[in-house]
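Asks: Here's a structure for you.
Bear in mind these aren't lab numbers, they're just calculated from the coordinates by the rules spelled out. Treat the numbers as computed from the prediction; the structure is a model and nothing was measured. Note that we place each Cβ from the backbone using ideal geometry, even for glycine, and neighbour counts take in every protein chain shown.
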Amino acid sequence: MFGPRIVGDNGIELRPPVLEDYKVFTGWQMQPEVTRFWGPRFSTETTATAEERFKRHLESNDSVSWSIAYGGETVGFTGIFDISWTDRDGETGIFIGRHDLYGKGIASEAVRLRMAFIWNEMRLHRAHNWIALANQGSWRANQKSGYSQIGTYPRSWFRSGEWFDEWLGEAFPSTFPADKLPSPWRDKHHPK
Amino acid sequence: MEDDLPAYSRWMADMRVRRAAGVWHQPAMPATWKERLKEQAKEQRSVLWSIEADGRLVGLARARVGGVESPPSAHLQHFIIDPDEWRKGYGWDAALALHRYFFDYLDLKRSGTELRGDNVAALRIAEKLGYTEFGRGHQVHYRDGSYVDESWMLMERAAWDEGFGKTEREYVPFGSAR
């Protein structure tokens, strides 16, 4: 499934992906700056497989995916995957493909919007994630929206001459900071 | 073997199994199970075993094996003993044989698994093998009207070598006789 459009602050929004976004991803995936903390440093992706992946994500019954837009331009992806509808739990992820935009708070805002949707529209009970421990920007972005660390997976993968550990986190509806609830959910509770 | 499939289906439908751990697949008609077995046989990185005791089928185990940018490792996804055969020691014997395969045959560097926080028997086996908890998910699995935690566990090669490396090898090392 693709998620709906959710407008956030500072020109950042989540929106349902289009095929062109998936084609751009193919290029991002091969950039060393972007893959420093994420994914394998090789790819089997082509335009044809990007189309297949787009279709697979669209038709998936256990995931919700968004493109992240900044100033109207797609700059990354986020979503929740491997949802267990029995446990009401899923694994979240985020990927900013434009490394020239790192440090602008795009991930923090995207995570805030994503989690507000997950708790208020999907009625999930829990979300969890794995993030490179060295990628402080990413796990801090998740912490701001209620994630806390529940473990460390040692020596998860090898890159640039050293082993990387992973930060394991989880979040619940009750851990989302109430004062950060975005529109439209905020408007519902605080009508103008 | 195809002959094992009716037992697989029976176990997946057994509430005792479902309470203890996640099932490999949901119960299904024989034709569906045959298709699943066919798909499993094509897997390059996932290995399925039936567990036998005295010539009888008593369980199954399934693990993913891999590691390109990560340490060569196994991830034990399913380990199910027929509930009618519980408390006979088959779980420990099968787990020991399985880990000999991981470390003595495949020379893997680690093995990981997730266990439900109240699956005392599985946790005891894991601990005895040398697994340690590296993370704990809270209120992860819902069954029987409430949530249960999940323990994420890891066993390093060094733990195998220390605990079982001298006693559980299939053959005595060639050493200087080679």
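Asks: Mind scanning B:Lys34/B:Lys128; A:Lys23/B:Lys109; A:Lys55/B:Lys38; B:Lys34/B:Lys166 and naming the pairs with a C-alpha gap bigger than 31 Å?
Replies: Cα-Cα > 31 Å for B:Lys34/B:Lys128; A:Lys23/B:Lys109; B:Lys34/B:Lys166; rest within.
Asks: Ok, one more. What are the ³J(HN,Hα) values, in whole Hz, obtained from phi via the Karplus relation 6.51 cos²θ - 1.76 cosθ + 1.60 with θ = phi - 60°, for each residue of the stretch B:150-158 in sequence order, with x given for Gly and Pro?
Replies: Each residue's phi maps through the Karplus curve to give 10, 9, 9, 10, 9, 10, 8, 3, 4 Hz.
Asks: With a cut-off of at most 14 other beta carbons within 10 Å, and DSSP calling the residue loop, which GluC sites (Glu not before Pro) in the stretch B:1-54 qualify? Please list them.
Replies: Taking the stretch B:1-54 and a limit of 14 other Cβ atoms within 10 Å, the loop GluC sites (Glu not before Pro) found are B:Glu43.
Asks: Over the stretch B:18-69, one equal point on each Cα, no solvent: what is log10 I(q)/I(0) by the Debye formula at q = 0.26, 0.27, 0.30 Å⁻¹?
Replies: -1.20, -1.21, -1.21
Asks: With N set to the residue count of the stretch A:6-189, report its C-alpha Rg divided by 2.2 N^0.38 Å to two decimal places.
Replies: 1.00
Asks: Which of the chymotrypsin sites (Phe, Trp or Tyr not before Pro) found in the stretch B:91-178 are in a DSSP loop and have at most 13 neighbouring Cβ atoms, other than their own, within 10 Å? Mind showing how you got there, number by number?
Replies: Working: sites: B:Trp92, B:Tyr101, B:Phe102, B:Phe103, B:Tyr105, B:Tyr131, B:Phe134, B:Tyr142, B:Tyr147, B:Trp152, B:Trp160, B:Phe164, B:Tyr171, B:Phe174; in loops: B:Tyr131, B:Tyr171, B:Phe174.
Here the chymotrypsin sites (Phe, Trp or Tyr not before Pro) that fit, given the DSSP loop and packing criteria, are B:Tyr171, B:Phe174.
Asks: To continue, here is another question. Only Cα pairs under 8 Å and at least 6 apart count here; give the relative contact order of chain B as a rounded whole percent. Mind showing how you got there, number by number?
Replies: Details: 246 pairs, mean separation 27.5, N = 178.
This gives 15 percent for chain B.
Asks: Averaged over its residues, how many other protein chain Cβ atoms are within 10 Å of peptide A:143-153's Cβ atoms?
Replies: Rounded to a whole number, the mean comes out at 2.
Asks: Please return the longest stretch of chain A lacking exposed loop sites, where chymotrypsin sites (Phe, Trp or Tyr not before Pro) count only if DSSP places them in a loop and at most 15 other Cβ atoms lie within 10 Å.
Replies: Answer - A:103-192.
Asks: Separate question: From Cα pairs below 8 angstrom and at least 6 apart in sequence, can you work out the relative contact order of chain A, rounded to a whole percent?
Replies: 18 percent
Asks: Short version: ³J(HN,Hα) in whole Hz for each residue of the stretch A:176-182, in order, from phi by Karplus 6.51 cos²θ - 1.76 cosθ + 1.60 (θ = phi - 60°), x for Gly and Pro, what are they?
Replies: 6, x, 4, 6, 9, 4, x
Asks: Can you work out the Karplus-derived ³J(HN,Hα) for every residue in the stretch B:91-104? Use 6.51 cos²θ - 1.76 cosθ + 1.60 with θ = phi - 60°, whole Hz, and x for glycine or proline.
Replies: Each residue of the stretch B:91-104 in turn: x, 5, 4, 5, 5, 5, 4, 5, 6, 5, 4, 4, 9, 8 Hz.
Asks: A follow-up question, please. With contacts defined as alpha carbon pairs under 8 Å and 6 or more residues apart, what's the relative contact order of the stretch B:91-159 in percent?
Replies: It rounds to 36 percent for the stretch B:91-159.
Asks: Going by Cα centres, the stretch B:61-87 and the stretch A:1-47 are how many Å apart?
Replies: So the two Cα centres are separated by 32 Å.
Asks: Across the stretch B:65-105, how large is the tail of the calculated P(r) beyond 16 Å, expressed as a percent of all Cα pairs?
Replies: 47 percent
Asks: Trypsin sites (Lys or Arg not before Pro), restricted to the stretch A:77-123: which are DSSP loop and have at most 14 other Cβ atoms within 10 Å?
Replies: Passing both the DSSP loop test and the Cβ count: A:Arg123.
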